[in-house]
1. Would you mind finding the one in B:A223, B:A175 that is at pLDDT 95 or above and out of contact with any Lys or Arg (no Cβ under 8 Å at 6 or more places or on another chain)?
2. Please enumerate the residues belonging to region B:304-315 that are closer than 24 Å to D:A212 by Cα, more than 9 Å from chain D (Cβ to nearest Cβ) and surrounded by 20 or more Cβ atoms within 10 Å (Cβ to Cβ).
3. Within region B:158-214, can you find the residues that are among the basic types (K, R) and assigned to a loop (DSSP other than H, G, I, E, B)?
4. Among the numbered conditions (1) more than 9 Å from every other protein chain (Cβ to nearest Cβ); (2) under 28 Å from D:K301 (Cβ atoms); (3) not aliphatic (A, V, I, L, M), tell me where B:T247 comes up short.
5. Starting from region D:202-219, take each residue that is within 17 Å of D:T248 (Cα to Cα) and list its partners that are of a type in the set (S, T, N, Q) and modelled with pLDDT of 95 or more, counting only C-beta distances under 8 angstrom and pairs at least six apart or across chains.
6. Of all the residues that make up region C:172-201, how many are without any contact (Cβ under 8 Å) to a residue 60 or more places away in the chain, in contact with a helix residue (DSSP H, G or I) (Cβ under 6 Å, 6 or more places away or on another chain) and surrounded by fewer than 24 Cβ atoms within 10 Å (Cβ to Cβ)?
7. How many residues are touching a residue at least 60 places away in the same chain (Cβ under 8 Å) and not β-branched (V, I, T) if we restrict to region D:301-329?
8. Determine if region B:262-277 includes at least one residue that is over 20 Å from A:L279 (Cα atoms) and not hydrophobic (A, V, I, L, M, F, W, C).
There are 4 protein chains.
Amino acid sequence: MKALVYHGPGKKAWEEKPKPTINKTTDAVVKILKTTICGTDLHIMKGDVPAVTDGRIIGHEGVGIIEEVGNAVSNFKKGEHVLISCITSCGKCEYCKKGMYSHCEDGGWILGNLIDGTQAEYVRIPHADNSLYPIPTGADEEALVMLSDILPTGFECGVLNGQVKPGDTIAIVGAGPVGLAALLTSQFYTPAEIIVIDMDDNRLNVAKTFGASQIINSSDGKAVEKIMKLTNNKGVDVAIEAVGIETTFEICSEIVGAGGHVANIGVHGKSVTLHMETLWSKNITITTRLVDTVTTPMLFKTVQSNKIQPKQLITHHFKLEDIVKAYDTFGNAAKEKALKVILTNE
Amino acid sequence: MKALVYHGPGKKAWEEKPKPTINKTTDAVVKILKTTICGTDLHIMKGDVPAVTDGRIIGHEGVGIIEEVGNAVSNFKKGEHVLISCITSCGKCEYCKKGMYSHCEDGGWILGNLIDGTQAEYVRIPHADNSLYPIPTGADEEALVMLSDILPTGFECGVLNGQVKPGDTIAIVGAGPVGLAALLTSQFYTPAEIIVIDMDDNRLNVAKTFGASQIINSSDGKAVEKIMKLTNNKGVDVAIEAVGIETTFEICSEIVGAGGHVANIGVHGKSVTLHMETLWSKNITITTRLVDTVTTPMLFKTVQSNKIQPKQLITHHFKLEDIVKAYDTFGNAAKEKALKVILTNE
Amino acid sequence: MKALVYHGPGKKAWEEKPKPTINKTTDAVVKILKTTICGTDLHIMKGDVPAVTDGRIIGHEGVGIIEEVGNAVSNFKKGEHVLISCITSCGKCEYCKKGMYSHCEDGGWILGNLIDGTQAEYVRIPHADNSLYPIPTGADEEALVMLSDILPTGFECGVLNGQVKPGDTIAIVGAGPVGLAALLTSQFYTPAEIIVIDMDDNRLNVAKTFGASQIINSSDGKAVEKIMKLTNNKGVDVAIEAVGIETTFEICSEIVGAGGHVANIGVHGKSVTLHMETLWSKNITITTRLVDTVTTPMLFKTVQSNKIQPKQLITHHFKLEDIVKAYDTFGNAAKEKALKVILTNE
Amino acid sequence: MKALVYHGPGKKAWEEKPKPTINKTTDAVVKILKTTICGTDLHIMKGDVPAVTDGRIIGHEGVGIIEEVGNAVSNFKKGEHVLISCITSCGKCEYCKKGMYSHCEDGGWILGNLIDGTQAEYVRIPHADNSLYPIPTGADEEALVMLSDILPTGFECGVLNGQVKPGDTIAIVGAGPVGLAALLTSQFYTPAEIIVIDMDDNRLNVAKTFGASQIINSSDGKAVEKIMKLTNNKGVDVAIEAVGIETTFEICSEIVGAGGHVANIGVHGKSVTLHMETLWSKNITITTRLVDTVTTPMLFKTVQSNKIQPKQLITHHFKLEDIVKAYDTFGNAAKEKALKVILTNE
């Protein structure tokens, strides 16, 4: 089969690899129908994720068709359409039992990281019963690709951890795909005001069409000042960090009001300064989370009942075999006005 | 009347002051029976709390007898014994309605700070109906002084915010009065293991008698290593910070396990480093809080039913008029083996 | 002034009464601008509420202008526009401190019940600081009348107690004003399916326009069967009872799925049968509640930010002086297709 | 092997049966070390549980040694000591993922019910990875038998569902084994008062030694009156029903205070009357639950750390081969002063 293979920092190729097979009785092999590229994949390609080694097939999102299942798999059989979760869950360790699939003792984020991933014609999925979700006939499979990672990430790490409530004033710092996923899913809880902050006017305009009530370009360094003014100096109820750097984390911790929440989604490479000298008495809550995808069934229902249109996040389409071109587009997101790209295995 | 008055950094005096009177219809004047000294009072005396100005009567804890009430006060009348909360609550602002009395728009921590406090023969208590609690006949009033501040602080900021659960492994970093208050109240929720960390062996021994299952002297810089070993490298479910400096905050953030809680109690004077490069994916929750004293009624019931003995925190007794001597003792806590002192107005 | 006065079962009159005055320092007198009639008022008029005695002015909803305040009132002053809550809250008893204003020891539902109410030119509001809410300039005051009782009732007793979540399948049994209020506010939490059951096709059609995804006329006795079919025999996540009789309560307890919630809103006059022989093992939760109006500030924000249009509930308008005619219309709700009527004091 | 076999109402025998074998790759066969008899087993023997048919081996509790595992079992291997949960959980259906193992689509309560159970020398356990728990070396295995069913039942259905909090006043109606399990585990949350109600003085005395602060013999029909007096007519915060008949359910619904919880544990054979005419406005919560055993790991930790002594529930010991005699003793619990019996396979 053909697959996108990582060959060390800056090197990747669409090349021939052996088709995966069942290793354990709990595995499934899935033929990929549609997949996408994640910001994390860009980091991997740069060499920022040392766990990913030469020869690895990248990718942790997608929908496909069951090609084969191990004999302990009971939820799926050959020919069924499935959503692949970015998180592999064994369903039987301490963490899985608590719904913390991200920390599964025999899973977690391993696809396209510790084992071969989904940017390929076929992929082996360990613990298939707990790591795949059935796709009902007639569902929009392209939209569902957004449920592999980006929507549960925005929802669980940003919205649920932030405890967004009806009537809240919330701020989302960062209007990339994950920030926009938080923007879409935050509306499940009907906040009164959603302020989106970014440095890219195009993304801010997208945020506006996705439901932001206020947009702020933070290039001038006055985002905090503007938000405090908008909130009568009370600050926001929930500040969602969707970038992963100190500057944006600090914006969040400066705009959060007494009793409020800072929900971190961003992947951080460095430490940040936490101003405990002001925060210690503000009754705030700061959360971190690697997506557990424990809400995938809930998100499925909201998509099936048309309460959310994840397709809004898709800006570009490619054939799977043109994935290297797709990386170029996605890697120049600002210039290309790219959010999520869809790669179709035809 | 006589009162302890702050006269700028390093200067205090037990001196004559006018007896307080009713300013507003919601005020009460309380004759102090017993009061105590808080670590915060030591900071004030050093000049660390600029809001406290020359001439201020210090103190925010105590029990007393109602001397006089304003005509809008309905819960109390002259002669009744009352517990004074360190937090003044109007009961009718946005924050009070949410149980966040610490951020009351016409209250919060004002006693012995923005208005005259309890280290005096009499004190005026604004919003008396919501800021005082009735003491039933026969109650141990000395023990109840611990409910003005120290017990709700340890309980709300440490135990409740930390979400201590039965079977948990928790760590309390700092075995001063507030850490010990967290230790006592954490046992309401029956954690399996309570590890207490401090640099003072005497306090650690006290912690042992108060219910710690493990004590660790962190002087050798190996506390993190030891705790990770004790927990099979899983880390603790809840880490309670009860000091207020970067070193102890970092211990907490290093020992907290995946899915765990860091509950900050300590008053911080400086920022701390937050290692988001490791924490971002650990599904942790960090909380801060200025005590709200919203749990005072709950704590009252646990004291009345003998489920907790707050008296264990009391190490020294003085006459109120000897308060300057009491400050000396409390200011040399390690040497004097002092936790909380009781000052009695005889 | 003029007021609607109850004179025993079946007898009421729009007649002259003394204008109310300040009795306690915490009172306010409010000039009524707009009020409405509640289903409970109809019960009172029939003599079903024995606590209401001859001579009582009826009504517990409305908006108005502060005419006068007692000297302990600090949140309001003469001339300000206010929303009147149907629940009076002292803000300082055990129940108010827990947010259970409905059980306030010096309040609760007393307006138009134990004390004179709002169907009058003026009304005295005890504990004004905690029982009134400021109306910002420019707000739609007619819409806000729905926040006195009907919206918080549907929201707190039905939606919040039912713990409606994104993706849920919920059923609302009863499409009268309170059931419709639950329907409107349930959408704050984005359920996937909302099934509304009633015996009146007109109300069901209204429910459809208000966001119901399925409507079922239960006249044929087959509602349970139909709902079980719609839910693949799993039952619903949340069943909201908005009528108050055994038949509708039983529908709820038969359609609730394993792990689900039955949230009772209806005022019941008789006991019901609870089928514990089937329910004991179904992991369900049944709740009851007299509205606390603790969510009024939250609801205010959702109205101000246009997330909900409470005005949809208003079908008829009258002058306050024509209130007897308004009672006729509201008393023949089915025939008149009446939901809520607005009475304006001009 | 030998096993206790049900042969229709009133008929049982300790007789030869084939030793169980692995049917599915997820099965384990466990050699029983210790088991016990449940009140439910008595109902089965009377013929009250029609799903149990002639030839069935009874029993759903016990500890044992792994004899053999299917090739998809990864958590256990031959020779390891395990606790058997009364609830079988597949770990991969909708309900298991929500922690509602009791409603597992391929499990739930099936042991000694729909499939052969634990009152035998060997038992086959489906979905072994999720339905067994490892026993650490040195643990008191007899005590752990109480974790198969009785302790999680009392804890989950009574204490957790009842939301017992520090300082609460709670009542437990029924002092049989499950009521006593609720009594023991309620103390994890430090209620201020625990009132236990029963008609058997011996059991009430046991309750006293287990931590009840008040005991009430309800034979005189005055239990409600006495509890209302004890609580100054406020009622209790939590009423736990541990019998399963209308009389005891009604006691619970009459003594629950405003804002309180009724947590049902009892298995009901008939409907009960629910007094909605008084309860509708009392802001109460009624819960039902078939034990999920989702808290078994938590309970394990509390036992291992000596926070609870489940052995207190054990009153009698027998050899497994003398199980018929053990049934006689347990079936005359009042006369024999029996709580739980231990059967040892020697």
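The values are calculated or read from the model by the stated rules, or taken from the named source; none is laboratory data. It should be emphasised that the depicted structure is a prediction, and the values quoted were computed from it without experimental measurement. Neighbour counts run over all protein chains shown; Cβ positions are idealised from the backbone, glycine included.
1. Sole residue among the options that is at pLDDT 95 or above and out of contact with any Lys or Arg (no Cβ under 8 Å at 6 or more places or on another chain): B:A223.
2. If the condition is that a residue be closer than 24 Å to D:A212 by Cα, more than 9 Å from chain D (Cβ to nearest Cβ) and surrounded by 20 or more Cβ atoms within 10 Å (Cβ to Cβ), then B:P310 is the only one that fits.
3. B:K165
4. Here B:T247 meets the rest and fails (2).
5. Partner pairs satisfying both residue conditions: D:L204/D:N217; D:I215/D:N205.
6. 3
7. Within region D:301-329, the subset touching a residue at least 60 places away in the same chain (Cβ under 8 Å) is D:302-304, D:307-314, D:320-321, D:323-324, D:326-327.
Now restrict to residues that are not β-branched (V, I, T): D:304, D:307, D:309-313, D:320-321, D:326-327.
Of the residues in region D:301-329, 11 are touching a residue at least 60 places away in the same chain (Cβ under 8 Å) and not β-branched (V, I, T).
8. yes
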